[in-house]
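The values are calculated or read from the model by the stated rules, or taken from the named source; none is laboratory data. Since the model is a prediction, treat every value here as computed from it, not as a measurement. We place every Cβ from the backbone using ideal geometry, glycine too, and count neighbours over all the protein chains shown.
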Amino acid sequence: MPCSIYIAAAHKSSGKTIVSIGLSATLKEQSLNVKTFKKGPDYIDPIWLSKSSGSACYNLDFYNMSHDEIKELYVKHASSRDLVIVEGNKGLYDGLSLTGGDANADLAKLLDIPVVLVIDATGITRGIAPLLIGYEAFDEKVKIAGVIFNKVAGERHELKLTQAIEHYTDIPVLGSIRRSNELIIEERHLGLIPANEKSKPQKYIDKVAKQIKEQVDIDSLLRLKQTEINYNNSHILTPRKDIKVAIARDSAFGFYYQDDIDAFNNLGVEVVYFDTMKDTKLPKVDGLFIGGGFPEMHLNELSSNKSMLIDIRNKVNQGMPTYAECGGLMYLSNKITYKNNTYPMAGLVDADTVISNRPVGRGYVKLESQANHPWGNTSDCIYAHEFHYSKLENISPSTRYAYKVLRGFGVDNSNDGIILHNLLASYSHLRNVNGNLWVNQFVNFIKSKKV
């Protein structure tokens, strides 16, 4: 197995993503083959990690993946790499369960990866020692291989931190990153601004890589190893041919799981990307997928591209199989109101989207598939997630739904998955995993509707 590192922290917003971006970019510059993973249902960090490493980032999630499925995905994409970085979410021991089982620590143990803790050192000196002693003692099966200090005020601050660690613990200090405005990525309500939106993301990545190269012990990190993991890949996919699916991919829509995209490709589907703001019409395809993103940041451009809106409206009304998630659902509604400004949209979902200042649905969801689900043979119980500050208002009373919401909010705290012709539009984000092979179902549906 390659050198593997699990980047974790005591709490969220400690600097895990900065370290992960910088490490992957620095080692890519050295012509090393880097692979990144992200724990949990995150789209934004994987976009950054994909750009910095030059290779697609994959998500590992206890909520909708079995242990074997996690190991299989990990080994499949990690085994041929020089360096593997798994970036955690929240804190090392944070998860849904009080007694553990779904935290970063559990994922690190499952994959047998040494943990490097990134600690926000703001306002702390000697107190770093009992903090780390507690983290080591809490679960002795977790291999804490080192610590990287972040937001260090200066040399004196670094010296106090290092002396405390060396005096009270055996944990190696692997880096000390100075506080710098250059390392800040602007945040929005769901986290960092995605790299597909940020102006000149490579310039920022290069700055981060320079800081990491100068302030982190790269050689020590590269010596961290893990135990070999074996798995059986028993999934045999039967490719289909002559199916084309258009996927919206631009600065407004960029929230896609890489293994979902892989699933389309493995099924023999030709994926054709298009830009909702620059292209005047859809490419010639058999199906359409509009994922999540931040359409509210591009409302003028989206609304002004009337030819694209009209073409999508016509194609859906003519029966083109279409799937839309969250931002895609918003785009297909009658209009979007944000900060007291309203912009007309596709007018397919007979409801109005309103962006609020507070989260409406945020976290894992559990859906019960209904008999009228357009794709037919779907999983009865679907484990997914939602992250939206928007809600639908003035929903047509004749609206049909594909899901009952057992956990989460969905469209109206009871239902999700709006159905119109061959369109399914949902606030929930699906993941193509063994318990819900939605890509297979969608492709089969497209094939059944193809003339």
For residue 378, which of the numbered conditions (1) part of a loop (DSSP other than H, G, I, E, B); (2) closer than 28 Å to residue 310 by Cβ fails to hold?
(2)
Within the range 35-82, the count of residues that are in a helix (DSSP H, G or I) and either in contact (Cβ under 8 Å) with a residue 60 or more places away in the chain or outside the structural domain of residue 107 (by TED's automatic domain parsing) (or both) comes to 17
If we ask which residues in the range 131-154 are among the small types (Gly, Ala, Ser) and either crowded, with 16+ Cβ neighbours inside 10 Å or assigned to a strand (DSSP E or B) (or both), their number turns out to be 2
Which of the residues belonging to the range 374-404 are small (Gly, Ala, Ser) and surrounded by 21 or more Cβ atoms within 10 Å (Cβ to Cβ)?
384, 390, 402
Single residue of 393, 368 found to be under 28 Å from residue 96 (Cα atoms), in contact with a strand residue (DSSP E or B) (Cβ under 8 Å, 6 or more places away or on another chain) and of a type in the set (D, E, K, R):
368
Matching residues, the range 167-180, being outside any strand (DSSP E or B) and at pLDDT 95 or above
167, 168, 169, 170, 171, 172
Output the residues belonging to the range 283-316 that are among the charged types (D, E, K, R) and in a loop (DSSP other than H, G, I, E, B).
284, 286
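Yes or no, residue by residue, for (1) under 15 Å from residue 368 (Cβ atoms); (2) in contact with a helix residue (DSSP H, G or I) (Cβ under 9 Å, 6 or more places away or on another chain):
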| position | (1), (2) |
| --- | --- |
| 402 | yes, no |
| 408 | yes, no |
| 414 | yes, no |
| 422 | no, yes |
| 432 | no, yes |
| 444 | no, no |
| 450 | no, no |
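From 96, 92, grab the single residue that is touching a strand residue (DSSP E or B) at 6+ places or on another chain (Cβ under 8 Å), part of a loop (DSSP other than H, G, I, E, B) and within 27 Å of residue 25 (Cβ to Cβ).
Exactly one residue qualifies, and that residue is 92.
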Counting only residues that are surrounded by 14 or more Cβ atoms within 10 Å (Cβ to Cβ) and either of a type in the set (S, T, N, Q) or part of a loop (DSSP other than H, G, I, E, B) (or both), the range 266-282 contains a total of 10
In the list 344, 295, 321, which residue meets the criterion of being surrounded by fewer than 22 Cβ atoms within 10 Å (Cβ to Cβ) and either in contact (Cβ under 8 Å) with a residue 24 or more places away in the chain or not small (Gly, Ala, Ser) (or both)?
344
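So how many residues does the range 317-375 have that are β-branched (Val, Ile, Thr) and part of a loop (DSSP other than H, G, I, E, B)?
Residues that pass the stated criteria total 1.
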Is one or more of the residues making up the range 155-166 surrounded by 15 or more Cβ atoms within 10 Å (Cβ to Cβ) and not in a helix (DSSP H, G or I)?
no
